[in-house]
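Structure record follows, encoded as structure tokens.
The values are calculated or read from the model by the stated rules, or taken from the named source; none is laboratory data. Computed from a prediction, not measured in an experiment: that's the story for all the values here. Heads up, the Cβs are rebuilt from the backbone with ideal geometry, glycines too, and the neighbour counts pull from every protein chain shown. All accessible areas refer to the heavy atoms of the entire protein, side chains included, with ligands and DNA or RNA removed. Shrake-Rupley method; radii C 1.70, N 1.55, O 1.52, S 1.80 Å.
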Amino acid sequence: MTKLQPVRGTQDLIGEDQRRHAHVVATARRIAALYGCAEWSTPIFEATAVFARNLGETSDVVTKEMYTFEDRGGDSITLRPEGTAGVCRALVSNGLTQTLPQKIFYSGPMFRYERPQKGRYRQFHQIGMEIIGAAEPLADAEAIACGWQILRELGITESVTLNINTLGDRESRDAYRTALVDYLSRYEADLSADSRVRLVKNPLRVLDSKDAGDIRLLADAPMIHQHLNATSAAFYDGLKSTLTRLGLEFIENPRIVRGFDYYNHTAFEFVSTGLGAQGTVLGGGRYDGLVEQMGGPSTPGIGWGAGIERLAMLLATAPAAERMVAIIPLSEGEQGVAIDLLNRLRSADIAADLAYRGNLKRRLDRANKINADRAVLIGADELARGAVTLKTLDDGTQREVAIADLISALR
């Protein structure tokens, strides 16, 4: 029989990998709560229209990367490729557009059929934050600050830089799109094949091109800042001044764009030097038109997502496994007492384990394997005195402890 392996682009999270993953999620959950976020969990699959509408019918994600299938009822279903669309759908489905603003944190698996590479998988995991119902630049600054604080708590900010840009409001973006198309059309023949397609369908995404020839042409392209109206300029100034007040340093990067009409104003990315060319570890932007596309009222929103795998790779060290207390009866005659003590310790929130079989040496070996730092040795002589031996495994010291005092001694 062929040995079964994980499907390409997936991985098992075990041991150190799982501890890194769990540490990222727990840290993000804790920091998001400080910013007033409630945690939401949405289904890992949705009606395909939820994502096709959110990501654009012609985007690479929709046309090439989504895991889409027809279920037994004939409905088109898609495994979620990102988190924001499901959150906005949930907001509308649950009638929460009347109780705004909503601050939301989420975590969980996402799915994209793309070429696996360093830190990228076909089943990957994200954390994310959304602030829905707040139109002020303070909300954008808060979302960015929350992301920064999570990265700081994870200890990875030394290698990370915040890049921000503005997309302006619809009027500003339309004016900029016209100017950009006028410029790029003069060099259409020199553009890459992908950029020629984008020029027709989604011109702003040409700015995202990684093609060397495109990058040279874009050096002299018009900039969005030249086309901001007074409202958009004031919003961007408000964001920058608030970020400065919060002590967040940033770089203005006009190449950060979002191609669809429901995106506006703020776009941002935290970029790391520790992951090679694909260095974005957390990114997001403002999407004031998305809830309306989901069938809800016109509702402002700002949010971000971050890949857990990529953040976990940047951790300097893996969190240590939890230390345990090993319960070790010295003979079969003490097995019943060992079970009683095991139950008492766990009821007192002390992590403890009992080897199912073996002599003293084998049970001590088992204690080392489960990362125990102490062992409770149960012998007939000690039991006759109402006591056990408490052994510190790291240095080998031991002492006799009354059973009645064992929990306080362990604490």
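Some notes on this structure:
- Only protein atoms count toward the accessible area here, which uses a 1.4 Å probe; on the chain, the carbon and sulfur part of that area reaches 49 percent.
- Computed packing ranks the peptides 315-324, 344-353 as 344-353, 315-324, most packed first, by mean other Cβ atoms within 10 Å.
- Average projected area [Cα convex hull, the chain], square nanometres: 27.7
- Backbone amide hydrogens, once placed in the peptide plane, bring His125 within less than 5 Å of Met110, Ile308, Glu309, excluding anything fewer than 5 places away on its chain.
- Viscosity 1.306 mPa s, temperature 10 °C, Stokes-Einstein D of region 108-195 from Kirkwood C-alpha radius, µm²/s: 91
- The heavy atoms of Val200 present about 120 square angstrom of accessible area, all protein chains included, probe 1.4 Å.
- To the nearest ten degrees, helix 16-34 and the longest principal axis of the Cα atoms of the chain are 70 degrees apart.
- Computed per residue of the chain from DSSP H runs no shorter than four, each worth -39500 (n - 2.57), the mean residue ellipticity at 222 nm is -10500 deg cm²/dmol.
- Relative contact order (%) - region 103-240, alpha-carbon pairs under 8 angstrom, separation at least six: 24
- Over region 292-385, relative contact order from alpha-carbon pairs under 8 Å, at least 6 apart, %: 35
- Simple Cβ-charge dipole of the chain, Lys/Arg +1 and Asp/Glu -1, about Cα centre, in debye nearest 20: 880
- Lysines with Cα under 24 Å of Lys369, excluding same-chain neighbours fewer than 8 positions away: Lys361, Lys391
- Nonlocal amide H pairs with Thr266, under 5 Å, H built at 1.01 Å: Leu167, Arg286
- Rounded to the nearest 20 debye, dipole of region 211-345 from Cβ charges on Lys, Arg, Asp, Glu: 300
- Across the chain, the relative contact order, built from alpha-carbon pairs under 8 Å that are at least six residues apart, equals 16 percent.
- Pairs exceeding 24 Å between alpha-carbon atoms, taken from Lys64/Lys210; Lys64/Lys201; Lys201/Lys240; Lys103/Lys240: Lys201/Lys240.
- Rounded to the nearest 20, the Cβ-based charge dipole of region 128-170 about its Cα centre (Lys and Arg +1, Asp and Glu -1) stands at 100 debye.
- Cα centroid of region 216-291 to Cα centroid of region 90-159, whole Å: 16
- Burial ranking of peptide ranges 85-91, 401-407 (average Cβ count within 10 Å, highest at the top): 85-91, 401-407
- Accessible solvent surface per residue of the chain, calculated while the other protein chains remain in place, 1.4 angstrom probe, Å²: 50
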